[in-house]
Amino acid sequence: MNALDQTSGHTVAHGASEGLPSALEQSHTYATHRGRPVRTEPRAVRIVLTVIALAFVGLFIGLPLVTVFYEAFKRGWQAYVAALVAPDALAAIQLTLIVAAISVVANLLFGLVAAWSIAKFEFPGKTFLITLIDLPFSVSPVVAGLVYVLLFGSQGLFAAYLQAWDIKIIFALPGIVLATIFVTFPFVARELIPLMQEQGTAEEEAAISLGASGLSTFFRVTLPNVKWALLYGVLLCNARAMGEFGAVSVVSGHVRGLTNTMPLHIEILYNEYQFVASFAVASLLALLALVTLIAKTILEHRLAEEDR
Amino acid sequence: MTIDVVGVTKRFKTFAALDNVSLTIRTGELVALLGPSGSGKTTLLRIIAGLEWPDSGEVRFDGEDALSRSVRERNVGFVFQHYALFRHMNVFENVAFGLRVRRGADKLPEAAIRAKVNELLHLVQIDWLAERYPAQLSGGQRQRVALARALAISPKVLLLDEPFGALDAKVRKELRRWLRHLHEELPVTSVLVTHDQEEALELADRVVVMGHGKIEQVGSPGEVYDNPATAFVHDFIGETIALPGEVKGGALYLGGRALGLDPQGVADGPARILARPHDVDLADPSASAISGKVLSVRTFGPTRRADVQLNGSSGPVVVEAAVPHGQDLAPGTEVGLKPRRYKVFAA
């Protein structure tokens, strides 16, 4: 016992006498280097790069945005409001809202189900499903619209069946909704899958081991854990659903006051040289974009906070 | 509650996580499942909990079949490796979860839930953290919340998966004693999974040493340390020096030289001689059967160890031996080694 004490005592004394000067030396070194930023580019280069970036953003994004509002208000408030309350414009706004509402809800449900099954379970064909979810990002929206025309159009695959039951899909609301759902398909799922995968299944297992049912676990644990990401996905999905042009253009048939969404209506007005009316409706979409951007920034902040 | 595991086998694709494992855990015991990663200890724990199902075999709680019941119905408290606290709920709601999800006749009124949660928070000594969120807690505090949450459903069985794995050494030691104390206070049978032998030996009434999906030895901490049943247990628990020997005609040889050691009933053939470094004495090289050259001497804390390269063995064998205080050993010195206690296993 005595021998042990001596050994350890010796070690401690030794360590202390050597450790002290080296610690002092280190703090000295830090002090002289502190405050000198690790950056190599000279000031001029940094300024030039920043100016180029700002000019680019201003020219390609800022200027068009300002132009939209400038053109919309060119003839004053009255003309602006008049353009928006025109029956065709109101019909287009209404249709856009309906289409967006249906598509967002549909993709919200699909996105949740897909992300949940992909992130929490193992099943054959999983990789294939993940790839398939990304398809709308890589396919031109016009092609997507065309596919629906080929399937449900008057010469389409299901034409006879649809005629027999008197169901109209192409050149009607269902077609526009289908095309929009296709295009906005990945947004919610893409947002949720990585987050759910990262969170794993431990919290769900804990909930079930504490006596919660599957449904109760989903609503009390799984859903609250992804709520901000879900909202973020819905936001992007909504912005895209309202702004979609290509796919909707193919299936809508451009019937004024009936099957024209806002983007289609804007194009028609523009082609008819009704610039003020065209830009007035366009300004609504631009406004939506701005609101989306602000909401997106807030949500990103919330997501980063949850990540801590 | 008595837990009987009978002939349980579990495969993941071609990998046998558990191979015909049988084990009885008695009421009120604290049992540690100890083994390296991949030994099947966590799989066994999850099967007892009902988070995993065996391919064959039985699990019985107090003699009743547990496999026919889901994890929801088994009423076991499970503490997860990384705690798995509900990140969007504060500490109070985390602990209250098991009470809030009850339905029908079991449902408690709000006042009773509050009382029970406060009592549990007091028990695990974190009353003052009730309003905090998991992200705002230290590792040790999260561990306590996880434990309180598992205890909220008044389980008769408490299962802990590497409960101290994510904590730093000092907190770990502190919590270990506290958990032992808690186990004694509660009417609960506890099973703990760990890869840390010190933890298992200090905490458990009995230690189940597992390797490659099988149980190698079940015994008290003293038994598994002093009397390892297999070479695997000897290697895994405590420090081990190993000599590749041979048994010929009832005598033990090392590199062709008779050692004069007892082969302990091992049949003729290659054998491994295992000993703890502190059970090996340095001796006069000319008077001992095992000798070698000192490579280096290392000091850690109160002990000093010499790395010794053995003479005459086939291939380089380096063993550690304890160096008595006051003895100076220069690298290159010839020393003899005398194991005071050792075990011999067929290789």
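The values are calculated or read from the model by the stated rules, or taken from the named source; none is laboratory data. No experiment lies behind these values; they were computed from the predicted model shown. No Cβ is skipped: glycine too gets one built from the backbone with ideal geometry, and neighbour counts run over all protein chains shown. To get the accessible areas, we keep the full protein, side chains included, count just its heavy atoms, and leave off ligands, DNA and RNA. Shrake-Rupley method; radii C 1.70, N 1.55, O 1.52, S 1.80 Å.
Flag set for B:V124, criterion: at pLDDT below 90 and farther than 30 Å from B:F12 by Cβ. The single condition from (1) within 14 Å of chain B (Cβ to nearest Cβ); (2) among the polar types (S, T, N, Q); (3) open to solvent by less than 40 Å² (accessible area, probe 1.4 Å) that A:T201 fails is (3). Comparison of A:F158, A:F123, A:F128, A:F152 shows that the only residue that is farther than 15 Å from A:F187 by Cα and buried (at least 16 other Cβ atoms within 10 Å of the Cβ) is A:F152. Looking at segment A:185-302, the helices (runs of 4 or more DSSP H) lying wholly inside it that each contain 1 or more residues that are in contact with a Leu (Cβ under 9 Å, 6 or more places away or on another chain) and polar (S, T, N, Q) sit at A:202-209, A:223-243, A:246-252. Within segment B:100-143, the residues that satisfy the criterion of being part of a loop (DSSP other than H, G, I, E, B), open to solvent by 70 Å² or more (accessible area, probe 1.4 Å) and more than 14 Å from chain A (Cβ to nearest Cβ) are B:P109, B:Q125, B:E131. Determine whether A:Q94 is of a type outside the set (A, V, I, L, M, F, W, C), at pLDDT 85 or above and surrounded by 11 or more Cβ atoms within 10 Å (Cβ to Cβ). So A:Q94 fits the description; yes.
Say whether the condition of being in contact (Cβ under 8 Å) with a residue 24 or more places away in the chain and within 29 Å of B:H195 (Cβ to Cβ) is met by at least one residue in segment B:253-265. Yes: segment B:253-265 contains one or more residues that are in contact (Cβ under 8 Å) with a residue 24 or more places away in the chain and within 29 Å of B:H195 (Cβ to Cβ). Just one of the listed residues (B:G250, B:G245) is open to solvent by 20 Å² or more (accessible area, probe 1.4 Å) and not assigned by TED's automatic domain parsing to the domain that holds B:L45, namely B:G250.
Per the listing B:P302, B:P270, B:P324, B:P331, the residue uniquely loosely packed, with under 13 Cβ neighbours inside 10 Å and within 14 Å of chain A (Cβ to nearest Cβ) is B:P324. Quick check: is even one residue across segment B:107-129 polar (S, T, N, Q) and farther than 25 Å from B:H88 by Cα? No, because not a single residue in segment B:107-129 is polar (S, T, N, Q) and farther than 25 Å from B:H88 by Cα. Is it the case that some residue within segment B:25-39 is touching a strand residue (DSSP E or B) at 6+ places or on another chain (Cβ under 7 Å), modelled with pLDDT under 95 and within 14 Å of another protein chain (Cβ to nearest Cβ)? No, the conditions are met nowhere in segment B:25-39. Scanning segment B:45-75 for residues that are away from every other protein chain (no Cβ under 13 Å), part of a loop (DSSP other than H, G, I, E, B) and open to solvent by less than 10 Å² (accessible area, probe 1.4 Å) turns up just one, B:A66. Hey, could you check segment A:205-229 for residues that are surrounded by 19 or more Cβ atoms within 10 Å (Cβ to Cβ) and of a type in the set (A, V, I, L, M) and say which is farthest from the other protein chains (Cβ to nearest Cβ)? If we take residues in segment A:205-229 being surrounded by 19 or more Cβ atoms within 10 Å (Cβ to Cβ) and of a type in the set (A, V, I, L, M), then A:A229 is farthest from the other protein chains (Cβ to nearest Cβ). Checked against the criterion of being without any contact (Cβ under 8 Å) to a residue 12 or more places away in the chain and either under 19 Å from A:V104 (Cβ atoms) or surrounded by fewer than 19 Cβ atoms within 10 Å (Cβ to Cβ) (or both), the candidates A:P194, A:P186 yield just one match: A:P194.
In this structure, is B:G315 farther than 12 Å from B:G245 by Cα, more than 14 Å from chain A (Cβ to nearest Cβ) and either open to solvent by 60 Å² or more (accessible area, probe 1.4 Å) or at pLDDT below 75 (or both)? Spelling it out, B:G315 is indeed farther than 12 Å from B:G245 by Cα, more than 14 Å from chain A (Cβ to nearest Cβ) and either open to solvent by 60 Å² or more (accessible area, probe 1.4 Å) or at pLDDT below 75 (or both). Under 6 Å between Cβ atoms, at least 6 apart or on separate chains: pull out the pairs that start in segment B:168-197 with a residue that is open to solvent by less than 10 Å² (accessible area, probe 1.4 Å) and end on any residue that is basic (K, R). Close Cβ pairs satisfying both conditions: B:V193/B:K41.
Each row is one residue, and each column tells you yes or no for (1) under 28 Å from A:P224 (Cα atoms); (2) outside any helix (DSSP H, G or I).
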site	(1), (2)
A:V142	no, no
A:G156	no, yes
A:F171	no, yes
A:G175	no, no
A:L178	no, no
A:I181	yes, no
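Check B:F97, B:F78 and return the single one that is under 23 Å from B:A49 (Cβ atoms), assigned to a strand (DSSP E or B) and within 8 Å of chain A (Cβ to nearest Cβ). Going through B:F97, B:F78 in turn, the sole match is B:F78.
Residue count for segment B:81-94 satisfying the condition of being more than 7 Å from chain A (Cβ to nearest Cβ) and part of a loop (DSSP other than H, G, I, E, B): 5. Can B:T42 be described as surrounded by 17 or more Cβ atoms within 10 Å (Cβ to Cβ) and not in a loop (DSSP other than H, G, I, E, B)? So B:T42 passes the test.
Among the candidates A:M242, A:M196, the residue that is more than 8 Å from every other protein chain (Cβ to nearest Cβ) and over 22 Å from B:A146 (Cβ atoms) is uniquely A:M242.
Let's see how each residue does on (1) of a type in the set (D, E); (2) touching a Ser or Thr at 6+ places or on another chain (Cβ under 9 Å):
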position: B:V171; (1), (2): no, yes
position: B:E174; (1), (2): yes, no
position: B:R177; (1), (2): no, no
position: B:R180; (1), (2): no, no
position: B:H183; (1), (2): no, yes
position: B:T189; (1), (2): no, yes
position: B:A204; (1), (2): no, yes
position: B:V208; (1), (2): no, no
position: B:A251; (1), (2): no, no
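Just wondering, is there one or more residues in segment A:256-266 that are under 19 Å from the mean Cα position of the chain (by Cα) and basic (K, R)? No, there is no match, as no residue in segment A:256-266 is under 19 Å from the mean Cα position of the chain (by Cα) and basic (K, R).
Out of all the residues in segment B:276-299, which are away from every other protein chain (no Cβ under 14 Å), under 26 Å from the mean Cα position of the chain (by Cα) and not in a strand (DSSP E or B)?
Hits for segment B:276-299 are B:R276, B:P277, B:D279.
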